[in-house]
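First the structure, in the form of structure tokens, and then the observations on it.
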Amino acid sequence: MANYRGTVTLFKRETKRFLKVYTQTIFSPVISNLLYLAIFGLSMKRAIPMEGDVTYLQFLVPGLIMMGIINNAFQNPSSSIVIMRYQGLLESLMTIPLKRIEILIAFMGSAVLRGLIVGTATLITGLFFVSFTTISIPIILFASITVALFFGFAGLVAGIWATEFDKIAFLTNFVLMPLIFLGGVFYPISSLPPLFANVSSFNPIVYMIDLLRYGFTGVNDFSLIFSMGIISTATIAMGIIAYTLLARGYKLQN
Amino acid sequence: MSAIKIENLHKTYASGVHALKGLSFEIKKGEFFALLGPNGSGKTTMINILAGPTIKTSGTVKIGGTDIEKDREKTKMILGVVPQEISFDSFFSVNEVLILQSGYYGIKNNQKYIDEILEKLNLQDKKHANTRALSGGMKRRLLVAKALVHKPKVLVLDEPTAGVDVELRHNLWHYMRKLNKEGLTILLTTHYLEEAESLCTRTAIIDKGELVALQKTKDLIQSMGNAKKLTLTFGKKVSKIPEALLPFDPKKQNDHEIILHFETQDINKILKALESIKYPIVDLDLQGKKLEDVFIELTYNRNGKL
């Protein structure tokens, strides 16, 4: 029998946890994005050629929103699980009467919520610098939620795998951040030389940012269906990995 | 009906350590049951298999008649577990932790019962304190509170009184006795053997993953024989052991004390002998076998460690 209240309680626990430290989890990424807007937006707007009527700041804001979603959806479950491991709470998590799928749903609900809160806050901050209309709200919602889910799953996998904070820092600094920065947050992939553009096409974040950017500006480097297909497939695959690790109790049970 | 039934339970860790070697026993509903064993004997492994953090290698475990493999969540609902390791959720206050814990078990609006538990465990004035701010003993009592919020049918206490002072330990046992009388089944592991002796009706002793004894606690102590030790303290210096005491293996402790050894059935002979001696007796101290003696005999002595 499903334990709805238990699942909602774990979701609340995960959510209250990041809301209690909102300066780190909400304010800090928004301030970072504000700095990116100020520094990159104002200094690079002449250096990067734009297509049509879209200004560089209008181009940049969706990239920053996606960066906020990715980082925060990833960090929520990863840091929560690593902290739980340090505080001896993983045993409690394995003791409460929740199915593994319920644990997964609770963690993902909170990860997506945190990603969307930071994404929305970044959007609101961006509106102080630049005005823009939206081309497709369904595409914006699809891109935001699916990407938050993908990185929520990835964060959970990372949290389970990383037995120490160092390993999470390694993943964040040496894998996630390069992929985000090379994923087209600050420049259009089409502006790269062909070799680098080809290499970039193996980075899934490129399609995520491109899709969200289309939703806001109507500008995209890749076909919408292709991007949606890549993102959906990657999210389902990462979800299966996350569930399998949880269900097998990998590094959670002995 | 049994509250917990374990049959031929084996656990081999990835490291190759064979922690449980075919453990089998049953705890009946309403029992206050002691599980004793030296460090590394497999007690915590067994408890973690019951609770969830450890996966058994083979064997059967039933909680409240349900196999843990068939319906894990149902068996978890029946159990309340106080783990040996102190853990605390530093993001939340004591009250928040207990509200969350109630929610995991599907319970809403549990504040009244939470307040009652906090009072019984002397934590009411820490209700809104962050768990980080609690002392070691308080953290341990919070773990007891967490294990009780969903009114479990079976409570597993893995060394719950380590680091808890005498008065609070007393309160805790008073509360546990009350809950046991109300029908709660309790499985206790402890290193304070006098606690097990005074609280538990039956005792199991495990060593190196094997069951070495399982009996009523009183019978277990009696199985060591009815030997008694009587210390006599005299009001004046005793230069020579009185002749009447010689049949009772007397040992002169000092000028004023003599220790006698005898079996329970010889108690009348001892009393007569005491009447006949001329030295004034000012104090008597009678000691029987303790659970600790049984424990040492069945574990350390068995392994030739003492």
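Of the residues B:K127, B:K112, which single one is at pLDDT 95 or above, surrounded by fewer than 20 Cβ atoms within 10 Å (Cβ to Cβ) and touching a Leu at 6+ places or on another chain (Cβ under 7 Å)? Break it down into steps so the answer makes sense when it comes.
On the way: B:K112 fails: touching a Leu at 6+ places or on another chain (Cβ under 7 Å).
Unique residue meeting the criteria: B:K127.
Contact map, region A:44-60: residues that are part of a loop (DSSP other than H, G, I, E, B) paired with residues that are modelled with pLDDT under 70, Cβ distance under 9 Å, separation 6+ or inter-chain. Pairs shown: A:T55/A:K45.
Hey, among B:I258, B:I205, which residue is over 24 Å from the mean Cα position of the chain (by Cα) and surrounded by 14 or more Cβ atoms within 10 Å (Cβ to Cβ)?
Exactly one residue qualifies, and that residue is B:I258.
Here is a yes/no grid of residues against (1) in contact with a Pro (Cβ under 8 Å, 6 or more places away or on another chain); (2) touching a residue at least 40 places away in the same chain (Cβ under 8 Å); (3) under 20 Å from B:S102 (Cα atoms):
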{"residue": "B:I117", "(1), (2), (3)": "no, no, yes"}
{"residue": "B:K127", "(1), (2), (3)": "no, no, yes"}
{"residue": "B:G136", "(1), (2), (3)": "no, yes, no"}
{"residue": "B:R141", "(1), (2), (3)": "no, no, yes"}
{"residue": "B:H150", "(1), (2), (3)": "no, yes, yes"}
{"residue": "B:L187", "(1), (2), (3)": "no, yes, no"}
{"residue": "B:A196", "(1), (2), (3)": "no, yes, no"}
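Which count do you get for residues in region B:76-85 that are facing chain A (nearest Cβ under 7 Å), surrounded by fewer than 24 Cβ atoms within 10 Å (Cβ to Cβ) and part of a loop (DSSP other than H, G, I, E, B)? So that I can check it myself, show each step before the final result.
Initially, region B:76-85 is screened for residues facing chain A (nearest Cβ under 7 Å), giving B:76-77, B:81, B:83, B:85.
From what is left, the residues that are surrounded by fewer than 24 Cβ atoms within 10 Å (Cβ to Cβ) are B:77, B:85.
From what's left, part of a loop (DSSP other than H, G, I, E, B): B:85.
So the answer is 1.
Across region B:211-218, not a single residue is classified as touching a Pro at 6+ places or on another chain (Cβ under 9 Å) and under 30 Å from B:H10 (Cα atoms).
Here region A:197-236 is the region considered, the condition is being of a type in the set (A, V, I, L, M) and more than 16 Å from the chain's Cα centre (by Cα), and the residue that is surrounded by the fewest Cβ atoms within 10 Å (Cβ to Cβ) is A:I225.
In the set (1) surrounded by fewer than 19 Cβ atoms within 10 Å (Cβ to Cβ); (2) more than 30 Å from B:Y13 (Cβ to Cβ); (3) touching a Leu at 6+ places or on another chain (Cβ under 9 Å), the condition left unmet by B:N226 is number (3). Restricting region A:120-177 to residues that are among the hydroxyl-bearing types (S, T, Y) and outside any helix (DSSP H, G or I) leaves a set whose member that is surrounded by the fewest Cβ atoms within 10 Å (Cβ to Cβ) is A:T133.
I need a count of the residues in region A:20-42 that are of a type in the set (A, V, I, L, M) and either facing chain B (nearest Cβ under 10 Å) or touching a His at 6+ places or on another chain (Cβ under 7 Å) (or both). Steps first, answer last, please.
Looking only at region A:20-42, we keep the residues that are of a type in the set (A, V, I, L, M), and these are A:21, A:26, A:30-31, A:34-35, A:37-39, A:42.
Now drop any that are not either facing chain B (nearest Cβ under 10 Å) or touching a His at 6+ places or on another chain (Cβ under 7 Å) (or both), which leaves A:21.
The qualifying residues number 1.
Picking from residues in region B:86-95 that are within 10 Å of chain A (Cβ to nearest Cβ) and in contact (Cβ under 8 Å) with a residue 40 or more places away in the chain, the one that is farthest from B:L157 (Cα to Cα) is B:S90. Of the residues making up region B:39-59, those that are away from chain A (no Cβ under 13 Å) and under 24 Å from the mean Cα position of the chain (by Cα) are B:N39, B:G40, B:S41, B:G42, B:K43, B:M46. Consider region B:1-17 and keep the residues that are within 14 Å of chain A (Cβ to nearest Cβ) and of a type outside the set (D, E, K, R). The one that is surrounded by the most Cβ atoms within 10 Å (Cβ to Cβ) is B:T12. Looking at region B:60-86, which of its residues are of a type in the set (G, A, S) and within 21 Å of the chain's Cα centre (by Cα)? B:G80, the sole residue that qualifies.
Each row is one residue, and each column tells you yes or no for (1) in the same structural domain as B:L179 (by TED's automatic domain parsing); (2) under 23 Å from B:L184 (Cα atoms); (3) not small (G, A, S).
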site: B:F25; (1), (2), (3): yes, yes, yes
site: B:I55; (1), (2), (3): yes, no, yes
site: B:G64; (1), (2), (3): yes, yes, no
site: B:K70; (1), (2), (3): yes, no, yes
site: B:K76; (1), (2), (3): yes, yes, yes
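Tell me which residues, restricted to region B:96-129, are at negative phi, at the interface with chain A (Cβ under 10 Å from one of its Cβ atoms) and not in a helix (DSSP H, G or I). Result: B:Y105, B:I107, B:K108. When you go through A:L104, A:L64 one by one, which is the residue that is more than 14 Å from chain B (Cβ to nearest Cβ) and within 30 Å of A:N220 (Cα to Cα)? Matching residue, one of A:L104, A:L64: A:L64. Evaluating A:Y187 against the criteria (1) part of a helix (DSSP H, G or I); (2) surrounded by 13 or more Cβ atoms within 10 Å (Cβ to Cβ) leaves one unmet condition, (1).
Of all residues in region B:60-69, none satisfies being surrounded by 22 or more Cβ atoms within 10 Å (Cβ to Cβ) and in contact with an Asp or Glu (Cβ under 7 Å, 6 or more places away or on another chain).
Which of the residues belonging to region B:147-172 are assigned to a helix (DSSP H, G or I) and buried (at least 19 other Cβ atoms within 10 Å of the Cβ)? Talk me through it step by step, then tell me what you get.
Applying the first criterion (assigned to a helix (DSSP H, G or I)) to region B:147-172 yields B:147-148, B:166-172.
Of everything in region B:147-172, those that are assigned to a helix (DSSP H, G or I) and buried (at least 19 other Cβ atoms within 10 Å of the Cβ) turn out to be B:A147, B:L148, B:L172.
The values are calculated or read from the model by the stated rules, or taken from the named source; none is laboratory data. The shown structure was predicted, so the numbers you read here are calculated from the model rather than taken from an experiment. Note that each Cβ is placed from the backbone with ideal geometry, even for glycine, and that neighbours are counted across all protein chains shown.
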